[in-house]
1. Go through segment 463-481 and give me each residue that's in contact (Cβ under 8 Å) with a residue 40 or more places away in the chain and either surrounded by fewer than 17 Cβ atoms within 10 Å (Cβ to Cβ) or of a type in the set (Phe, Trp, Tyr) (or both).
2. Hey, could you check segment 154-170 for residues that are under 14 Å from Arg14 (Cβ atoms) and in contact with a strand residue (DSSP E or B) (Cβ under 8 Å, 6 or more places away or on another chain) and say which is surrounded by the fewest Cβ atoms within 10 Å (Cβ to Cβ)?
3. Any residue in segment 297-305 that is outside the structural domain of Leu356 (by TED's automatic domain parsing) and under 28 Å from Lys388 (Cα atoms)?
4. How many residues are part of a loop (DSSP other than H, G, I, E, B) and on the phi < 0 side of the Ramachandran plot when one looks only at segment 2-49?
5. Is there a residue in segment 436-456 that is surrounded by fewer than 20 Cβ atoms within 10 Å (Cβ to Cβ), among the basic types (Lys, Arg) and either farther than 22 Å from Ile577 by Cβ or touching a His at 6+ places or on another chain (Cβ under 8 Å) (or both)?
6. Residue check: is Ala510 under 28 Å from Leu571 (Cβ atoms), out of contact with any Lys or Arg (no Cβ under 6 Å at 6 or more places or on another chain) and aliphatic (A, V, I, L, M)?
7. Please work out if Thr610 is modelled with pLDDT under 90 and either at positive phi or among the polar types (S, T, N, Q) (or both).
8. When the residues of segment 419-465 are narrowed to those that are modelled with pLDDT under 90 and among the basic types (Lys, Arg), which ends up nearest to Asp375 (Cα to Cα)?
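The values are calculated or read from the model by the stated rules, or taken from the named source; none is laboratory data. Values in this document were obtained by computation on a predicted structure and should not be read as measured data. Cβ placement follows ideal geometry from the backbone for every residue including glycine, while neighbour counts extend to all protein chains displayed.
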Amino acid sequence: MNEEQAKKRIDELRTALNHHNYLYYVLNKPEIDDYLFDQLMQELIRLENQYGQYADPLSPSQRVGGEVTKKFNAVKHVSRMLSLDNIYNTDELIAFHERVVKVLGIAPEYVCELKIDGVAISIHYEHGKLLQAVTRGDGIQGDDVTTNVKTIRSLPLRLRGNNIPEKMEVRGEIYMPITVFEALNNQLREELSDKGLTEDEMADELFKNPRNSAAGTLKLQSSKEVSKRKLDAYLYAVLGASVHAETHYESLNMARCWGFRINEQTRKCKNIQDILDFISYWEERRHQLPYDTDGIVIKVNSVAYQKQLGETAKSPRWAIAYKYKPAQVSTILLDISFQVGRTGAITPVANLKPVLLAGTTVKRASLHNAGFIADLDLRIGDTVWVEKGGDIIPKITKVDMSKRDLFSSPFLFITHCPECHTALIQRDGEANHYCPNETGCRPQILGKMIHFIYRKAMNIDSLGEKTIEQLYDKGKIQSYADFYSLTYDDIIQLEGFKEKATTNILTGIAHSKTVPFQRVLFALGIRYVGETMARKLAQYFKNIQALSEASFETLCEIDEIGEKIAESIILFFKNPINQVIIKRLENAGVQLSITEEETRLHSHKLDGKTFVISGVFNQHSRDELKDLIVKNGGKNTGSISKKTSFLLAGENAGPEKLKKASDLSIAILSEDDFLNMIR
């Protein structure tokens, strides 16, 4: 194939792929299967790589992603992206309508649209080509996310049809489909389960809702990772001096002809009753949609009337958002069961009569602690209201007292551990009950061992939760110190194990002896001692002996260590069983001290700076980056707050962290940015 033939074939492939993208993602009328589409895409990518002179940033191959954005530059909007005022009932809707009629002197026609719960975006086109995509931000300026937006296949890179304006801006909502969101959480839930977390403990780690996940995904540095998240979009506004439409509805139809995806549920409404019918129709049916909605947007249809009505400093006077109440349903509380976590914390869980809520069947709801149950006065057999307003795990909000059995009895919280039957304790100032039998309660023992092998601790990848359970049930291990006494015969006899799997486990255990002291300290599972605190203690005391002999007063003098943490450390090392375990780890060759090199600062360039790390990096592991931060005078924390100086974000950085950093105007660094900072 010569250059001329290659150019011709590249053009043919781009035309075909754009056409099939439009049929599949906009019209939902595919003509070819996924396999053939992928074959055409791979051929295009191969030719573009071979004939680089024909590269085009708007080629359909660019939707696959691959570019890395080090920094999202701030861009000022041509016209402000206003927010909508919210209303919640019929009276407020009628009041809005009356205000409109008072100004116009006539009752106008309206357009009703589903209010998709996503991220507002402004996209600029010139000569029919996608030029720039900017987030809403504060309404005056937002972040340039063009590279990531190009991966969204329902958004045209080149417009189709006739009479395309020379310059135009479209606005819409980028969202994460519910199926994609659920798949992400299912994957994360498996990872968290392997660490021994209970369902209630997982709640803080899981993605909270599709909207936040979409927002975080848009700020990922790797467009390839964004492409995997399969974001989608609907357009709801067309702006530009050369867009000649008399009504909002007409402008949407024009945009549809140019290749944009417009929500097919959008309707014209002649009067208030039409609007109320539309609101009523979607109140329950919205949960059957493949995306989250939280209300209905109502707009005056006439563009001339919109201009006449004008806007306030924050909102247009010609549009309003009718917000639905959080999804609620009533069901029967059948029973309350209890989970025991690694730390001995007892988490009550409501077992419910299965009921459909917001499109999913709900059988369980977290009850948090005894105080939560007492505040609601929950009783077995009660009819309860369950809510799922943006939360992953449903919650009980109230009891329907009118349906309570007159002979029901107040629920008595358990007094003994449901696993080992040890009497529970409740520490001063804490809401949770705990099982104090750390060394004899099966879930706690297994939880501690699973925590010990965790990637951020001893990183024994070859060992898994099921394997640990088998070894424990067969009496081969009672604590994590027993890992270092396991033999080939102990493991090969387990169900489903062969030579390679057995050797991998023994190799992983042996390799864990090289893990540095601060991670060993984290792996011990001392209550309240997380990654950051373990690193701080290791740097201060240098070895396990000095730490175990530290007084309460000495511990409290260390930055960020309060009385609760100091007390927990002292109790851990006073326990004779823990003393034996630590001695066995020492005899096995586990690192229980740090070298002089590990304590030496490289520089003071990061003095006073606090970092949060999220994602996967190319040049260094996360642990290596944390070491570099400490060795240059900085501090690591696990969560973002106003005190955070920087978010160091790699590929697949957490959407929640990215969104919170953006909301708090915290600088987001790439790996290269950080390395340049300390050079």
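1. To start, the set of residues in segment 463-481 that are in contact (Cβ under 8 Å) with a residue 40 or more places away in the chain comprises 463-465, 479-481.
Hits for segment 463-481 are Gly464, Glu465, Tyr480.
2. Filtering first and then ranking leaves Arg158.
3. The answer is yes; a qualifying residue exists.
4. 7
5. Yes.
6. no
7. Details: modelled with pLDDT under 90: no; either at positive phi or among the polar types (S, T, N, Q) (or both): yes.
No; evaluated as a whole, the condition is false for this residue.
8. Arg427
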